[in-house]
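Computed from the coordinates by the stated procedures, all read-outs in this text should not be read as laboratory data. What you are looking at is a predicted structure, and each value in this text was computed from that prediction instead of being measured. Every residue, glycine as well, gets a Cβ built from its backbone with ideal geometry; the counts of neighbours run over all protein chains shown.
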Amino acid sequence: MIVKNLVVGCGLAGAVIAERIATQLNQPVLIIDKRPHIAGNIYDYEDTKFGINVHRYGPHVFHTNNQIVWDYLSQFTEWHYFMYRVKAVIDGNEINIPFNLDSLYKVFPKCLADKLAMNLLDKFGFNKKISILELNKTNDNDLKFLANFIYEKVFLGYTIKQWGVKPEDLDESVSSRVPIYISRDNRYFQDKYQAIPLKGYTTMVENIIDHPLIDVQLNTDFFDIKDSIKYERLFFTGPIDEFFNYEYGELPYRSLDIKFVEYDKEYFQSGPQINYPENYDYTRSVEYKYYLEQKSHNTIVSFEYPRTFERGINERYYPVPNMKNQTLYDKYYKKLIDLNNVYFLGRLADYKYYNMDQVIERALTLFNSKILTLIGEK
C-alpha cells in the first residue's frame with residue numbers, strides 16, 4: 001500500500017494534523033488506529049440504558065486560554081459551557097480542590113483558619129496561586145504548618161496512589177498542576193474558555209476528520225503493517241519507545257483500571273468528581289451525568305484505580321515526568337535526526353503530560369511551522 005500522508009493514532013493530535021493536511025494542502029490522509037474506535041482517550045459514548053454520556057477513559061473537561069485553539073475547535077462542535085468543580089475528602093470533610101481559602105475553613109477551627117488566611121494574604125496577596133514548595137520556603141511557622149498539612153492530606157496519599165511514588169520523586173510540573181489558590185474561586189480551572197462538546201468528544205473528533213480526503217482504518221496496528229505500507233510523510237502519535245522497538249528500554253507510564261458502576265438512584269455524590277487522597281484504593285469517583293447536566297432516575301459512576309502500565313495488559317495514560325525518564329526520552333528523540341519526513345506529536349510521542357488544548361496547539365504549530373514551510377507556503 002502507498003499513501004501520501006499516514007497518521008498513526010486517531011486521538012486529538014492525529015485528527016487535527018489530518019484535518020490540516022486535508023483542508024489546507026488538499027492532500028489525502030490515511031489515519032490508522034489499533035483501537036476499535038476513534039478519539040483516543042477522549043472517546044465517549046451515550047449509555048443506551050440511561051442516556052448518560054460516559055467518558056470511557058476517565059473525565060475530560062476542555063479548558064484553555066488560547067483563543068486560537070478555542071476558535072479552531074469551535075468549528076467542529078457546539079459547546080456545553082461548564083465550570084469544573086472538584087472536591088476531595090479530607091478528614092471526612094468534602095473540601096474544594098485546589099485547596100483555597102474556603103478549604104481552610106472546612107478543615108480548621110475558625111480561629112486558626114482566620115490566622116492562616118491572614119498570613120497567606122499578607123505574604124502572597126489575594127487571588128494568587130502558589131505551590132507547596134513556595135509555601136514551605138517561607139519563614140512563617142504557621143504557613144510551614146499549613147504546607148505540611150496540605151502536603152500530607154491532599155498531595156501525598158493521592159500522588160502515591162496515582163503515580164506510585166512520592167511527590168518529590170516527580171517533576172515539579174506535576175504538583176504545580178494542582179496549586180494552592182489564595183482565593184474563594186472554587187473552580188478547578190480558571191481558564192477563559194471552559195466547556196464540554198455538547199454532543200460529546202467522539203462526535204467532535206468525527207467532525208474534525210469528516211473530509212473526503214481523510215480515510216480511517218481502525219483495529220489496525222502500525223507495527224503489524226509497517227513493512228507493507230509506504231508513505232511520503234508519517235505523523236506518529238504513539239509511544240516513541242515502541243516506535244524504536246524499545247532499543248534503549250521502556251519509558252514508564254501510569255495506567256488506570258476504571259470500574260463503572262450503575263446506581264438505582266438519581267445521584268450518587270455531591271458533584272462530578274470527588275478525590276480520595278486518604279481513603280480507599282481508588283483515587284477518585286466520577287459521576288458523568290453532571291457533565292452535560294443530563295437527567296435520569298439512575299446514574300453511572302466510575303472509580304479509578306491507578307496501575308503501572310504493562311504492555312498487552314492495559315493502556316498508557318500518563319507519562320511519568322522526572323529527570324531520569326526525560327533523559328531516556330531524549331535518547332529516543334535524537335534518533336529522529338536520521339529519519340526523513342517523520343513527525344512525532346501527542347502525549348505519548350512527546351512524552352509530555354499535555355492537557356487537551358496543548359495537544360491541539362502542538363498539532364497546529366507543527367503544521368504551520370514545519371509542514372507548510374516544507375512545501376513552500378507561509
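Remarks
- Charge dipole magnitude, Cβ of K and R +1, D and E -1 - the chain, Cα centre, debye nearest 20: 560 debye
- Cut-off under 5 Å, modelled amide H: who pairs with Thr308 long-range: Ser255
- 20 Å reach of a label modelled at Leu372, 7 Å along Cα-to-Cβ, counting backbone N of the range 195-227: 208-209
- Using θ = phi - 60° in the Karplus curve 6.51 cos²θ - 1.76 cosθ + 1.60, the 3J(HN,Hα) couplings for the range 27-34 round to 10, x, 9, 10, 9, 10, 8, 6 Hz; x is entered for Gly and Pro.
- Whole-number percent relative contact order across the range 52-142, with pairs defined as alpha carbons under 8 Å at least 6 apart: 13 percent
- Across the range 86-182, C-alpha contacts under 8 Å between residues 6 or more apart give a mean separation that, scaled by the residue count, equals a relative contact order of 34 percent.
- Partners for Lys110 among lysines (Cα-Cα distance below 23 Å; same-chain residues under 8 apart left out): Lys87, Lys123, Lys128, Lys129, Lys144, Lys153
- Share of alpha-carbon pairs per 10 Å distance bin for the chain, given as whole %: 5, 21, 30, 26, 14, 5, 1, 0
- By average C-beta atoms within 10 angstrom, highest first, the peptides 189-198, 115-124: 189-198, 115-124
- Over the chain, Cα pairs under 8 Å with separation of 6+ residues give a relative contact order of 27 percent.
- The residues packed around Val86, meaning those with a beta-carbon under 11 Å from its beta-carbon, carry a net charge of +3 if Lys and Arg are +1 and Asp and Glu are -1.
- Cleavage-rule hits, GluC sites (Glu not before Pro), the range 296-378, DSSP coil, Cβ neighbours within 10 Å at most 13: Glu310, Glu377
- Sum of side-chain charges, Lys34 neighbourhood, beta-carbon under 15 Å (Lys, Arg +1; Asp, Glu -1): -1
- Computed packing ranks the peptides 324-332, 222-230 as 324-332, 222-230, most packed first, by mean other Cβ atoms within 10 Å.
- Karplus-derived HN-Hα couplings along the range 36-41 (A = 6.51, B = -1.76, C = 1.60, θ = phi - 60°), whole Hz, x at Gly and Pro: x, 9, 8, 5, x, 7
- Annotation: the residues Arg85, Arg362, sorted from fewest to most other C-beta atoms within 10 Å of their own C-beta, follow the order Arg85, Arg362.
- Annotation: amide H of Leu198 within the under-5 Å range of Glu78, Trp79, His80, sequence separation 5 or more or interchain, hydrogens built in the peptide plane.
- Averaging 1/r over each pair of different alpha-carbon atoms in the range 86-182 and inverting the result gives 13.6 Å, the Kirkwood hydrodynamic radius.
- Gain on full stretching of the segment that runs from Asp122 to Arg85 - 0.36 nm per residue minus C-alpha separation: 10.6 nm
- Positive-end extreme of charge dipole, the range 199-254 - chosen from Ile229, Val216, Leu251 (charges on Cβ): Val216
- Rounded FRET efficiency, nearest 0.05, which uses the C-beta distance separating Asn314 from Ser183 and R0 of 25 Å: 0.10
- Distance between the modelled labels on Asp169 and Lys192, one decimal in nanometres: 4.1 nm (7 Å Cα→Cβ projection).
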